[in-house]
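Taking it in order: structure first as structure tokens, then the write-up.
The values are calculated or read from the model by the stated rules, or taken from the named source; none is laboratory data. Because the structure is predicted, anything quoted here is derived from the model rather than measured. Here the Cβ positions follow ideal geometry from the backbone for every residue, glycine too, while neighbour counts run over all protein chains shown.
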Amino acid sequence: MSDRKIKRAIITAAGFGSRFLPITKTFPKEMLPIIDKPIIQYLVEECAEAGIEEVIIVAAPAEVTKFEDYFYGSATNIRTLMIRQGKLDRWEKVEKVFKLPKITIVPQDDRLPYGNGRPVLTAKDLVEGDEAFVVMWGDDLVLSKESAVKQIVDFYESDPCDGVLAVQEVPDTEIDRYGMVQIKEGTKNQVELVIEKPEKSKAPSNLASYGRYVLTPKIFEYLKGDATGLDNELWLQDANHKVAQEGRVLVKVVDGEWMTTGDPIRYMKSHIKFMLNHSKYGQDLKNFIKELA
């Protein structure tokens, strides 16, 4: 068992994935592949490296069984075929899925207002008794040598606070896509405020908060069903802003590159970067790109 103070993580995987229709009519966008694994497996593996004992996946009600099939389905017919074909080495990657931390899959509470805060609030009862917990957006990847989750968990445990936001600078053209952070004057990394998707002229900085957080149950004092904000949606960043006003929330610049897979072009860019970084396929892809050029 882990001696971590932080033992649980919530992965939000309840969006419609409408930018990827029609394929997301069949399965969740978090199950889209990056090389030979679905996006969500990379997130769970980040948690495993950080010593997280339980990963809570909050899914759209209609998609719960699809995540269950992936993480728990035995697929004995495939294993049998691999044995017959003398390719059991290919099955070893499936065995790694079964050895991941405990995975609990819960349906999103659709009675709550729409927004990225809804799946987090859905999981409230599962983490409210913890000192702190991790939250991850199911379409955010981080390419790094050390797990981004491990980095923010280590950071929190070395300096306990009311929350940790992973951050990365973004260009002006991306400001209105994310929660933008202002650092408190006179401090290196304490959050003064967080503004969800501001116009460029109203952005406090180019520092974007993305889908890697350490939060405490204090978040639920502000993340409530009636606490809607921009576009009448329930935003986690609104609650983070209020926690920062009342307490001590810190930012952590993760050693790695954050990439989002939320639309086809960003997904493909992420896929290419992960492939280029792959020990088996990277060089072949580099050669192919040179040929195209």
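Can you confirm whether residue 222 is within 17 Å of residue 132 (Cα to Cα) and crowded, with 23+ Cβ neighbours inside 10 Å?
no
Starting from region 260-274, take each residue that is within 15 Å of residue 15 (Cα to Cα) and list its partners that are surrounded by fewer than 18 Cβ atoms within 10 Å (Cβ to Cβ) and charged (D, E, K, R), counting only C-beta distances under 6 angstrom and pairs at least six apart or across chains.
260/266; 263/19
Does residue 231 fit the bill of being under 25 Å from residue 28 (Cβ atoms), surrounded by fewer than 21 Cβ atoms within 10 Å (Cβ to Cβ) and not hydrophobic (A, V, I, L, M, F, W, C)?
Values: under 25 Å from residue 28 (Cβ atoms): yes; surrounded by fewer than 21 Cβ atoms within 10 Å (Cβ to Cβ): yes; not hydrophobic (A, V, I, L, M, F, W, C): yes.
Judged against the criteria, residue 231 is a match.
Select from region 244-272 the residues that are touching a Leu at 6+ places or on another chain (Cβ under 8 Å) and either farther than 19 Å from residue 46 by Cβ or surrounded by fewer than 15 Cβ atoms within 10 Å (Cβ to Cβ) (or both) and list them in ascending order.
Keep residues of region 244-272 that are touching a Leu at 6+ places or on another chain (Cβ under 8 Å), which gives 244-245, 249-252, 256-261, 267, 270, 272.
Scanning region 244-272 gives 244, 245, 249, 250, 257, 272.
For residue 116, work out the one condition from (1) within 24 Å of residue 260 (Cβ to Cβ); (2) polar (S, T, N, Q); (3) modelled with pLDDT of 95 or more it doesn't fulfil.
Of the numbered conditions (1) within 24 Å of residue 260 (Cβ to Cβ); (2) polar (S, T, N, Q); (3) modelled with pLDDT of 95 or more, the odd one out for residue 116 is (3).
List pairs: first in region 143-166 and more than 14 Å from residue 191 (Cα to Cα), second in a strand (DSSP E or B) and basic (Lys, Arg), Cβ under 7 Å, 6+ apart or cross-chain?
Within 7 Å, the pairs are 148/212; 149/212; 151/252; 152/212; 152/252; 155/252.
So, of the residues in region 122-134 that are in contact (Cβ under 8 Å) with a residue 24 or more places away in the chain and out of contact with any Pro (no Cβ under 9 Å at 6 or more places or on another chain), which turns out to be farthest from residue 40 (Cα to Cα)?
So the first thing to find is which residues in region 122-134 are in contact (Cβ under 8 Å) with a residue 24 or more places away in the chain, and the list is 122-124, 126-134.
Narrowing the set further to residues that are out of contact with any Pro (no Cβ under 9 Å at 6 or more places or on another chain) leaves 123, 126, 134.
On the way: 123: 17, 126: 20, 134: 15 Å.
Filtering first and then ranking leaves 126.
Residue-by-condition table, conditions (1) over 30 Å from residue 272 (Cβ atoms); (2) modelled with pLDDT of 95 or more:
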{"position": "153", "(1), (2)": "no, yes"}
{"position": "193", "(1), (2)": "yes, no"}
{"position": "218", "(1), (2)": "yes, yes"}
{"position": "231", "(1), (2)": "yes, no"}
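Wholly within region 57-173, which helices (runs of 4 or more DSSP H) include no fewer than the required count, namely at least 3 residues that are within 16 Å of the chain's Cα centre (by Cα) and surrounded by 16 or more Cβ atoms within 10 Å (Cβ to Cβ)?
Details: elements: 64-72, 76-84, 92-98, 118-122, 124-127, 148-158.
Those helices (runs of 4 or more DSSP H) span 118-122, 148-158.
Which residue is surrounded by the fewest Cβ atoms within 10 Å (Cβ to Cβ), if the candidates are limited to region 11-32 and must be touching a residue at least 60 places away in the same chain (Cβ under 8 Å) and over 17 Å from residue 57 (Cα atoms)?
Taking the candidates together, the pick is 19.
Within region 39-51, can you find the residues that are under 15 Å from residue 97 (Cα atoms) and over 13 Å from the mean Cα position of the chain (by Cα)?
48, 49
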